[in-house]
Structure formats: structure tokens, C-alpha cells
1. At a 10 angstrom cut-off on C-beta neighbours, averaged per residue, how do the peptides 129-135, 188-194 rank from highest to lowest?
2. Classify the stretch 165-238 as rounded, prolate or oblate from the Cα gyration tensor: take a ≥ b ≥ c as the square roots of its eigenvalues, call it rounded if a/c is under 1.5, otherwise prolate when a/b beats b/c and oblate if not.
3. Taking θ as phi - 60°, what are the ³J(HN,Hα) couplings along the stretch 337-342 by the Karplus curve (6.51, -1.76, 1.60), each to the nearest whole Hz, with x for Gly and Pro?
4. With θ set to phi - 60° and the Karplus curve 6.51 cos²θ - 1.76 cosθ + 1.60, what are the ³J(HN,Hα) couplings of the stretch 47-64 in order, to the nearest whole Hz, using x for Gly and Pro?
5. Using only the heavy atoms of the protein chains and a 1.4 Å probe, how would I11, I198, I168 rank by accessible area, largest first?
6. Could you list which residues have their amide H under 5 Å from that of H125, counting only those 5 or more apart in sequence or on another chain, with H placed in the peptide plane?
7. Kindly give Rg over Rh for the stretch 202-250, based on alpha-carbon atoms, with the Kirkwood expression for the hydrodynamic radius.
8. Could you look at the stretch 221-301 and say what percent of its accessible area is carbon and sulfur, using a 1.4 Å probe and all protein chains?
Amino acid sequence: DNKNLDSKTFIGSTNFLLMGVDDHAFWFFQYAFSAASATIVAGTLAERCQMGAYFGYSLFLGGFVYPVIVHSVWSRHGFLSPDSSDPLWGTGMIDFAGGGVVHTTGGVTALIATIILGPRKGRFHDEEGRQLAKPKEFYGHSIALQMLGTFILWFGWYGFNAGSALTILTEHKGKVAALAAVNTTLSGGTAGIVGLFINFIIEERRTGEPCFDLKYAMNGALSGLVAITAACGVVEPWAAMSIGFCAGILYIVASGALIKFRLDDAVDAIPVHLANGVWGVLSVGLFASPARLEDSYGVSKHVGWFYSWGKGSADAHLLAAQIAGVVFIISWVTVIMLPFFVWLSWKGWFRSDELEELVGLDRSYHGEGLAMHAEEVNLEYVNAFNKQREMKRAKQTARSANRTGEESGESVPDLPRDSLVSENDRFSDNTSNA
């Protein structure tokens, strides 16, 4: 790897299975980034995706998609890397802590997956298959736990954003880490406030009943955190607030667009991570400060377009490199994950069984009892689900008995055909559009 410092490669070719790696702290740090890109998708597909599909897409995303993207942007041998000896257009793509590498990658994957998987039962259509005038809301069980989760994520963001300063090659690691922490705080806080109050105004105009919906404060804050991720070490604090302000508005617009196009995102991960991941990467090309670029990367020849414009220049090399990076990330994710999800759906391994979805995946996949959610589940669905499981057990018992009989030479009578018909098949006429 050290023999060809000037070479550019599509993917790494050394250190497989950590062979020859001495800096295990760096590996663990990068592993956390990779895992984060996969967890983004899980929230979007909640309540209707098979467990096996989670394992499958995590393997493909972590094994074939993410490594190429992270190598292209963060390795000195990547064609988009600003640390390359010959960076793209003299600047390369700057993604300080993963706004494109992690969040845009996960967001594009989530968008492709939800288009193919389809919405949850009852989200956009009634039991007869008619389109609802107003989509049905699926509310969470605890706003307190949602808020706690938001603050846990926010706290973890300091590890990603400020921690990324430890990987820069200049001597200003501490100074840049402090700036990244400040910018992360300002952008997240600004976006949360903007999301809360913009939604307040919209609801007051729409219904005449103003409401402070904490969902918009929480997802707004997360949007601001995503948006500042790519730029946190190369922009001034005032720019971080501007980026967060736009992120709060962009979240509301993107969330509304999903509803308009009847795309079901259980936790609004696509507006948070995709829309604001892209915005964050592009914001670097607009707001990157000459002084901050010098501190983080040791160069400031090509800066944010607003700075160039203010000096009477039309230099947009950095902005162009950021756009190229976004296009590459979206393209590579689509090339790999679109065929994979289509194949997964074609095989019947993507969407959960209809009755399993109706009674809840906690019950069907994880064995949780229905007592705590009994008032939310139609008893008819529960009975049908239990009968379906009994039929499956009967089939398995019959197969085992047949195999045993064949080995011993004895004849084992088959179960009546009606007893082997899936209860889900009998029940599907009434629930197919529920």
C-alpha cells in the first residue's frame, strides 16, 4: 500500500480480516460508521420486513456498497479523496464525518427498499383497497422513549463528528474537534427549533388548532445533525446555524413529499438521512471557510462558493466535486441494492407474512405476548395467526413422520388435504387489503 502512494484504486486490496492492521482503534471507529449506514434502513422498513431480509441487506450494504464508497472518499487512493496527491478538480470531495459516506448511502438504500417493499397495511388504503383521503398515522407507544433515543443519538454524534478530527493530517486536531462539536450543537439545535415551529405554523393555518408536535422537534434536530456531519470541521459557527435552519425546513418538505407519493417510511429516515445527507454534502461546497479548510486539510485553494462569490470569483471547483460525490454515491448504491431488493422480493423473502404483520412482528418473530397490546390487535387476526401456526406445526410433524416411516419401511397416512391448507390462505380474502 505504501509503494504506490499516488495510485488511485476502486477498492482497497490489503488488510483483509485485519491482517497487518495495528491501529485497531481506527478500525473500530470505521466499523461504527459502517454499522450506522445499515441501521438507517431498518427504521424505514419497520413493521413489515422479514428478519432474514434485514440480515441480507446488511450483508450487501456492509460488504459490497459501503466499502467502495468509503474507499473512494476517505482513502488517499480514492478518486474523490481530498487527501489524494491529485484530487478531483484540485480539491476532491470533502465529507468531514460521513454526511455522504454514511447518511446518504443509508438513505438511498432506504428509499429503494421502501419503494419495492410497499407501505404498511392500512397506511394509505382501507380494508377494501380504497385509497384513504388522509393517510393513517401509526403513533409510537412512548414519546418519552423517543425523546430519550433522540438525545442518545445526539450524544453519540459528538463521537462521530468531533472524533473524526483525530483522523486529519494537520496539527490542529484539538482545534478542529472543538469546532466540530460546537457546529454539531448549533446545527442540531437550530434545526430542531425550526422544525417544531414551522410545523406549528403549518398546522395552525391548516386546521386552526396550533400544536407543538415533538416529532418535528426530534426529527428536525436529527436532520440538523445529519446536515452538519459533512461540514462540521470546515465551516464557521454562523454557517452551521444556516445549514441547520435549512435542514429543519428540508425535513418537513421531504417528509410531506413521501406522503404525497405514498411512500411509507416508518420513522422518517429518508427525509432525515437522505435529503439532509445530500444537503450537508452540498453545503460544504457553499460554506467551506478558507481558514477552516486550512486547519483541517492544509489547503484552501478552492473554497465554498459563497466565499469565492464574495471575492468576485466564480470558482465552484469544490461545489462541483461535492455534486460529483453525491452522484457517485447515489449511483453506486442503486446499481448494487436495486437488483438485490428486486430479487429478494421476487423470492418472497422481503415482506413479512400478511397475518404476521397484522398481529405484529414482536409476536410473530420474537414470541412476545399480545397482552400489552391486546386493544390494538383485532382478535380475529390473532386467532387466524394462531391457527396458521398450528397448521405449520402439523405440516412439519407430518413431514417428520413420513421421513421416519420411509426409513423404517412403514406406511404413514397423509393428513387430510384441508388440514394442510394455510389458514392465511383461507383468511386472505378478508385481510388482503386491510
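1. Values: 129-135: 9.7, 188-194: 24.6.
Those peptides, ordered most packed to least, come out 188-194, 129-135.
2. Values: a/c = 4.57, a/b = 4.00, b/c = 1.14.
Here the stretch 165-238 falls in the prolate category.
3. 7, 4, x, 5, 5, 4
4. 6, 8, 10, 5, 4, x, 5, 4, 5, x, 6, 4, 5, 5, 5, x, x, 10
5. Working: I11 80, I198 55, I168 15 Å².
Correct descending sequence by accessible area is I11, I198, I168.
6. Counting only residues 5 or more places away or on other chains, the set is L132.
7. On the way: Rg = 13.5 Å, Rh = 12.0 Å.
Rg/Rh: 1.13.
8. Roughly 73 percent, rounded to a whole number.
The values are calculated or read from the model by the stated rules, or taken from the named source; none is laboratory data. Because the structure is a prediction, the values reported are computed rather than measured. All Cβ positions, glycine included, derive from the backbone under ideal geometry; neighbour counts span all protein chains shown. In case anyone asks, the SASA skips ligands and DNA or RNA and just uses the protein heavy atoms, side chains included. Shrake-Rupley method; radii C 1.70, N 1.55, O 1.52, S 1.80 Å.
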